[in-house]
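Asks: Pasting a structure below so you can have a look.
Coordinate-derived values only; no laboratory data. The structure displayed is predicted, hence computed values, not measured ones. Because the Cβ atoms are built from the backbone with ideal geometry, glycine has one as well, and the counts that use them run over all protein chains shown.
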Ligand code: BT5
């Protein structure tokens with residue numbers, strides 16, 4: 001067992017819940033920082049912008065309650081970086097698709113959802129496909145650790161590693177955000193590539209140049225530089 005500092009000091013384990021983020025939100029005001037809510041199944045797992053997150057048994061579905069002094073956009077990267085490090089522990093090479101996905105071999109294996117209430121708390125929700133089945137409609141775009149490794153992996157080991165890496169990245173986020181951003185740039189596989197970015201009602205095609213220090217994406221569109229604060233990136237530009 002790893003020596004846990006903040007994240008995972010307290011773990012609440014549930015058989016089934018609608019969404020661990022929803023559950024975590026209810027207990028967040030009183031819960032100690034670093035409390036983890038993990039469920040075997042979610043009946044209404046959620047992605048960003050009200051999208052659905054498939055969460056059958058066999059995957060890792062969890063939320064961490066964080067109470068940083070000044071939460072910002074970069075908190076979501078803690079999730080992606082910790083997932084990439086966890087995958088490496090199992091021999092898998094993952095990359096981050098800004099801002100919140102982790103991909104392996106061209107497919108999405110993990111998604112991160114941060115939700116917060118002002119400066120009071122942030123819920124860092126992480127979904128990682130481990131041994132769970134994937135619905136047929138996602139088979140072309142999603143993958144799991146089991147599919148990539150060729151056999152099932154012990155969920156508890158994956159959880160243990162993920163909590164360890166989350167704790168490390170949360171410490172780095174607070175003490176050396178410059179290091180966090182440097183690693184993020186290394187792990188972000190869309191840089192230099194032409195992508196389609198949807199931000200609200202607007203869709204742009206451009207070249208992803210960099211992730212800026214505040215966590216936003218720098219995009220070159222027709223010779224002009226655009227700073228994207230929050231958006232969806234597609235690797236299929238047309
Ligand atoms: C995300 O949203 O990628 C964030 C997912 C966060 C899920 C965790 S699980 C624990 C915690 N509790 C919650 O209720 N949520 C968090 P987004 O970028 O909007 O991606 C959603 C899209 O990913 C969907 O529209 C599908 O296309 C695809 N998708 C759904 N389920 C998937 C899965 N299991 N694996 C891969 N892709 C999936």
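Asks: Which length gain, in nm to one decimal place, applies between residue 52 and residue 218 when the Cα-Cα distance is subtracted from 0.36 nm times their residue separation? Numbers along the way, then the final one.
Replies: Details: separation 166, 0.36 × 166 = 59.76 nm, distance 2.78 nm.
Extra length available between residue 52 and residue 218 comes to 57.0 nm.
Asks: Based only on the alpha carbon positions, what is the Kirkwood hydrodynamic radius of region 117-238, in angstrom? Could you put the intermediate results ahead of the total?
Replies: Working: mean 1/r = 0.0579 Å⁻¹.
Computed over Cα pairs of region 117-238, the Kirkwood hydrodynamic radius comes out at 17.3 Å.
Asks: Below 8 Å between Cα atoms, with a sequence gap of 6+, how large is the relative contact order for the chain in percent?
Replies: Result for the chain is 17 percent.
Asks: Something else now. Stretch residue 73-residue 89 to full length: gain in nm at 0.36 nm per residue minus the Cα-Cα span? Intermediate results must be reported in sequence, preceding the final value.
Replies: Details: separation 16, 0.36 × 16 = 5.76 nm, distance 2.67 nm.
Answer, rounded to one decimal: 3.1 nm.
Asks: Which whole-number percentage describes the relative contact order of region 194-237, with Cα contacts under 8 Å and a sequence gap of 6 or more? Write down the numbers at each step before the final one.
Replies: Values: 82 pairs, mean separation 18.3, N = 44.
Worked out over region 194-237, it gives 41 percent.
Asks: Restricting to DSSP H runs of at least four residues, report the calculated mean residue ellipticity at 222 nm for the chain, -39500 (n - 2.57) per run over all residues, nearest 500 deg cm²/dmol.
Replies: Rounded to the nearest 500, it is -8000 deg cm²/dmol.
Asks: Let me ask something else. For the chain, take the longest principal axis of its alpha carbons; what is the angle in degrees between that and the long axis of helix 155-175, to the nearest 10 within 0 to 90?
Replies: That works out to roughly 60 degrees.
Asks: Mind pulling the per residue volume of the convex hull built on the Cα atoms of the chain? Å³ is fine. Could the numbers behind the result be given before it?
Replies: Numbers: hull volume 29.6 nm³, N = 238.
Spelled out: Cα convex hull of the chain, divided by residues, is 124 Å³.
Asks: In nm, give the distance between the simple-model label positions of residue 9 and residue 149, each being 7 Å from the Cα along the Cα-to-Cβ direction.
Replies: The modelled label-to-label distance comes out at 3.0 nm.
Asks: Further question: Give me the distance between the Cα centres of region 158-194 and region 217-238, rounded to whole Å.
Replies: 21 Å
Asks: Once you order the gyration tensor axes a ≥ b ≥ c over the Cα atoms, which shape class does region 1-131 get: rounded for a/c under 1.5, otherwise prolate or oblate by comparing a/b with b/c?
Replies: Because its axes are fairly even, with a/c under 1.5, region 1-131 counts as rounded.
Asks: Oh, and also: With N set to the number of residues, divide the alpha-carbon radius of gyration of region 194-237 by 2.2 N^0.38 Å and report two decimals. Let's see the in-between values first.
Replies: Working: Rg = 9.4 Å, N = 44, 2.2 N^0.38 = 9.3 Å.
Normalised Rg, Cα atoms only: 1.01.
Asks: Here is a further query. What's the extension gain from residue 227 to residue 186 if we count 0.36 nm per residue and subtract their Cα-Cα distance?
Replies: Working: separation 41, 0.36 × 41 = 14.76 nm, distance 1.92 nm.
Working it through step by step, the gained length comes to 12.8 nm.
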